[in-house]
Structures are given as structure tokens and as C-alpha cells.
Amino acid sequence: MSTHRRAELSRRAFLAAVPVAAVGACAAPAPAASPVTTTPVPEATTAAAAAAPTTTAPFTGIATEFVHATSGRPEVALTFHGAGDLDLATKVLTGFSDRGAAVTVLAIGTWLQQYPDAVKVVTDHGHELGNHTWSHPDLTTLSVSGVRAEIERCRDRLAALTGSPGDFFRPSAAQHATKEVLELAGAAGYRHVLSYDVDSRDFTDPGAAAIRRNLRAAVAGDVVSMHLGHPGTLEALPGLLDDLAARGLKPVTAGRLFA
């Protein structure tokens, strides 16, 4: 038998002895299995999910009346009846912000209707907005439905102009809230009714000296009632801020006072 013939027979015998799978593996290796991969969640997405607010039901209980804070901080809240000439109000609110003082304006709904820009005058100067009824009536003379309408109509106007009804409601023509007002304010979504314990009496136009004298009764934690729309308030402003500073008292918003 020739040498070539013997080599061919040996090659065939070798192939017959090797398993088919092994032959395939030698001829062309099987592709490696694809690794299991996960798509990473973008950081912005996870951060947004973590920051997403939880939905809570609107408040519908009985409101709590705030009169005096007990934090012990040397602060007082100067709170303003929001009405009157807008130019004068702007001067008062600018005067406070220029001195680094923040106040709370409880706006009357008809004032906001007459001067829609009033909300920006308040908030652009770093002050706080709240609800002081729609038309400032004596609430004790109204029916339940009448009081409810006064609260809710101003609430809705604030929400339409600012996106928020404000944190506080203050009853009109009264220092303190009745049980009925607390119930109706709570039903309208207000957790807090803001009363006061010091009255500046500036609405009587007693003059700057008298307004300053009335504010000397204020101590840490007090809520002071004041009014926009009265020239005497603007005149008294520098002196009353000096008086408070001399006694170590800082004017803050009601939200800050009761935080």
C-alpha cells in the first residue's frame, strides 16, 4: 500500500473516533453566552423620584388660633390689614424690606380684586400673604353661609393670583376668632387663624408718636396688628423699627414666629 493511501486511511480513522460536538468545537468555537446587563437609572430620575412630594389630603379639621408664640426667640410678628392705596402700601412694605424686616399681610379680597399687582408687591419684598376675608364685614352679623363665603371667596382669589391660599386666616372686625369661625376656617383648609395681642391702633390715625408708643407694649412672641393705607404708619416706620431693635426684638413673619 502506498504511503499516501496509508495517510488518508489514518486521517479517516481519527475523524471517526472524535465526537461530532468536539469536531464542531474545533472547527468553529461556539459563541460565548451574552452577559446579563441592567440599564442604569439616570441620577436625575432617581433624584426626582426621591424628591417627589407625597399627596396629602387637604386639611378639614378645626383651625387653631395663634395669638402669642412661646419659642423664646426675641421676635415679634408685625401683621397688616391689607387694604388701601397701593402706592402707600408699596412704600410701607419697601420700607420694611429695606431695613431687613419681614411682615405678614392679611389681604382683603376686594383689595386684591382692585389691585391684582398687590400680591407681587407683598411677595417680591419678601413678605407673607394671608386671608382677611373678602370684604371685611363684622362676621358676627352674618349667617354661617355668609361667613363661609367671606373666607372662601378671598381664599380662592389668593389661590388664583399666587397658587396658594396662604397659611393664615384672620377674621375681620375682631381680635379673636369665635368657635364658629375656627370651624369654618378649618373647613376652608386653614389650619391656623391668626389673632393678635398688641394693637397699634394705627387705623385711627393717631400720629407716628402714638403708634410707636403703642408698639412699646410688644414683647418677644407677640403678634402686632397694623394697617396698610394709613400715612401715619409709614411715618412711624423708621422709629418703631429703631425702638424694637433697641429692645433686641426682630420683626418676622407670622410663619417664622410660630415655626
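For the reader, a short list of remarks on this structure follows.
- The criterion of at least 2 residues that are farther than 27 Å from G232 by Cα is met, among helices (runs of 4 or more DSSP H) falling completely within segment 85-203, by 144-162, 179-187.
- Pairing residues of segment 216-237 that are free of Cβ contacts under 8 Å to residues at least 40 places away in the same chain with residues that are of a type in the set (V, I, T), at Cβ distances under 8 Å and at least 6 apart in sequence or on separate chains, gives A217/V198; G232/I211; A236/I211.
- Verdict on H81 being assigned to a strand (DSSP E or B) and not charged (D, E, K, R): yes
- Residue match in segment 210-222 (condition: buried (at least 20 other Cβ atoms within 10 Å of the Cβ), part of a loop (DSSP other than H, G, I, E, B) and at positive phi): yes
- Matching residues in segment 134-149 - criterion: being in contact (Cβ under 8 Å) with a residue 24 or more places away in the chain and either more than 26 Å from K120 (Cα to Cα) or among the charged types (D, E, K, R) (or both): D138, L139, T140, V144, V147, R148
Every number in this text was worked out from the coordinates using simple rules, so none of it is lab data. Computed from a predicted structure; not experimentally measured. For neighbour counting, all protein chains shown are included, and Cβ atoms are generated from backbone atoms with ideal geometry for every residue, glycine included.
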